[in-house]
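> Shown below is the structure under consideration.
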Amino acid sequence: MVFLPTIGRVIQISLEEGVDRMKKVAAVLAVMVLVVSMVSLVFAAEKKMGTVKAVDAAAGTIVFDAGGSEMTLKVDKDVDLGKIKAGTKAEIMVEGDTVKEIKAKRKAPVGC
């Protein structure tokens with residue numbers, strides 16, 4: 001009968017160590033989730049509105065004017081530059097310095 005309190009104490013210590021370990025694991029997982037979410041924000045695509053000033057299909061680049069700020073951007077190989085001409089008003093999706101998508105704005109129809 002003397003051993004029962006000792007065994008109970010050993011079990012209690014083991015449980016306390018397990019709880020401490022789980023708290024540490026939960027803290028590490030929370031930090032990892034935070035880091036991954038911050039990294040995804042860094043690499044998120046940015047939408048820009050403006051005008052295509054020049055297209056160089058051979059080099060795979062465009063010159064884009066977004067409200068007075070001209071920039072030369074690489075264009076992803078999946079984007080069809082054959083449909084884009086200089087002077088086209090467009091909405092682009094940019095990741096870093098690479099255009100991932102170009103949506104040309106259509107002119108509103110005139111008349112009925």
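Just so you know, all these numbers are worked out from the coordinates, no wet-lab data involved. Nothing here was measured: the structure is a model prediction, and the numbers come from that model. Cβ sites come from the backbone with ideal geometry, for glycine too, and all protein chains shown count toward neighbours.
> Note down, for the range 15-80, the three equivalent ellipsoid semi-axes (square root of 5 times each alpha carbon gyration tensor eigenvalue), biggest first, whole angstrom.
Taking √(5λ) for each eigenvalue gives 48, 13, 7 Å, largest first.
> Further, regarding this structure: Loop only by DSSP, 14 or fewer other Cβ within 10 Å of the Cβ. Give me the trypsin sites (Lys or Arg not before Pro) in the range 31-97 that pass, ordered by residue number.
On the way: sites: K47, K48, K53, K74, K77, K83, K85, K89; in loops: K77, K85.
Listed in order of number, the matching sites are K77, K85.
> Could you give the dipole magnitude of the range 46-104 about its Cα centre, charging the beta-carbon of Lys and Arg +1 and that of Asp and Glu -1, in debye to the nearest 20?
Values: 10 positive and 11 negative charges, 44 e Å.
It comes to approximately 220 debye.
> So what's the Cα pair-distance distribution over the range 46-104, bin width 10 Å, in %?
27, 66, 7
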